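Participant: Provided herewith is a single structure, encoded as structure tokens, for subsequent inquiry.
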Amino acid sequence: MAGDPRIRLLLALVEQAYRAPSWHGTPLGGALRGLTHRQALWRPGGGRGRRHCIWEIVLHTAYWKYVVRRRLLRDEALAFARGPSNWPALPERTDQGAWRADRAILEREHALLVRTIARFDPGKLGRRGWRSRWTNVEHIYGVASHDLYHAGQIQLLKRLMRPG
């Protein structure tokens, strides 16, 4: 199926938003490069209010990659590694090992999504996604847009956490 030009274009879009060099700026994976667990936990405003930290954004983006994959596969049995949904809770221990483990969840969900898209039937791109009002193609390019949105948010958070 990845021989279909539409599938190849969607794969390129999803990969560019997550890891590939691109003209528009840093992709999601690049925005996370080199961050420590302490940096990933930093919240703007000194933690007052309910502002998300980078670690929460990582889990959130991993969750939505899972959701898109589940909708494309129409597989009710698929489950996400963490809960609750949309904004999964941080682990009890927030050390460097836990940060690596949660980054690995994002990497794994991205790889599974890419594999799902590569095998997706191009004839079903225009059909509604499972349990959704959006089409399959809208889910695929939407998840790439979601990655880019949060990559920009992470870049801003990194800039805000640096003094001066």
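The values are calculated or read from the model by the stated rules, or taken from the named source; none is laboratory data. As the structure is a computational prediction, the values presented were derived from the model and not from experiment. All Cβ positions, even for glycine, are placed from backbone atoms using ideal geometry, and neighbour counts span all protein chains on display. Remember, those area values only see protein heavy atoms, side chains included, never the ligands or the DNA or RNA. Shrake-Rupley method; radii C 1.70, N 1.55, O 1.52, S 1.80 Å.
Participant: Counting just the residues of the stretch 127-155 that are open to solvent by 60 Å² or more (accessible area, probe 1.4 Å) and touching a Ser or Thr at 6+ places or on another chain (Cβ under 8 Å), which one comes out nearest to residue 7 (Cα to Cα)?
Facilitator: Step by step, filter the stretch 127-155, then rank; the result is 127.
Participant: Being at pLDDT below 95 and farther than 26 Å from residue 10 by Cα is the requirement here; does residue 49 meet it?
Facilitator: yes
Participant: Please verify whether the stretch 82-102 includes one or more residues that are charged (D, E, K, R) and not in a loop (DSSP other than H, G, I, E, B). Talk me through it step by step, then tell me what you get.
Facilitator: Let us first name the residues in the stretch 82-102 that are charged (D, E, K, R), namely 82, 92-93, 95, 100, 102.
Still in the list and also not in a loop (DSSP other than H, G, I, E, B): 100, 102.
So far as the stretch 82-102 goes, yes, one or more of its residues are charged (D, E, K, R) and not in a loop (DSSP other than H, G, I, E, B).
Participant: Here's a follow-up. Could you please let me know if residue 56 is out of contact with any helix residue (DSSP H, G or I) (no Cβ under 6 Å at 6 or more places or on another chain), in contact (Cβ under 8 Å) with a residue 12 or more places away in the chain, acidic (Asp, Glu) and open to solvent by less than 40 Å² (accessible area, probe 1.4 Å)?
Facilitator: Values: out of contact with any helix residue (DSSP H, G or I) (no Cβ under 6 Å at 6 or more places or on another chain): yes; in contact (Cβ under 8 Å) with a residue 12 or more places away in the chain: yes; acidic (Asp, Glu): yes; open to solvent by less than 40 Å² (accessible area, probe 1.4 Å): yes.
Judged against the criteria, residue 56 is a match.
Participant: Between 36, 61, which is polar (S, T, N, Q), within 18 Å of residue 104 (Cβ to Cβ) and surrounded by fewer than 21 Cβ atoms within 10 Å (Cβ to Cβ)?
Facilitator: On the way: 61 fails: surrounded by fewer than 21 Cβ atoms within 10 Å (Cβ to Cβ).
Going through 36, 61 in turn, just one is polar (S, T, N, Q), within 18 Å of residue 104 (Cβ to Cβ) and surrounded by fewer than 21 Cβ atoms within 10 Å (Cβ to Cβ): 36.
Participant: Collect the residues in the stretch 97-111 that are more than 14 Å from the chain's Cα centre (by Cα) and surrounded by 12 or more Cβ atoms within 10 Å (Cβ to Cβ), keeping them in residue-number order. Explain how you work it out, then say what you get.
Facilitator: Narrowing the stretch 97-111 to residues more than 14 Å from the chain's Cα centre (by Cα): 97-101.
The answer is 98, 99, 101.
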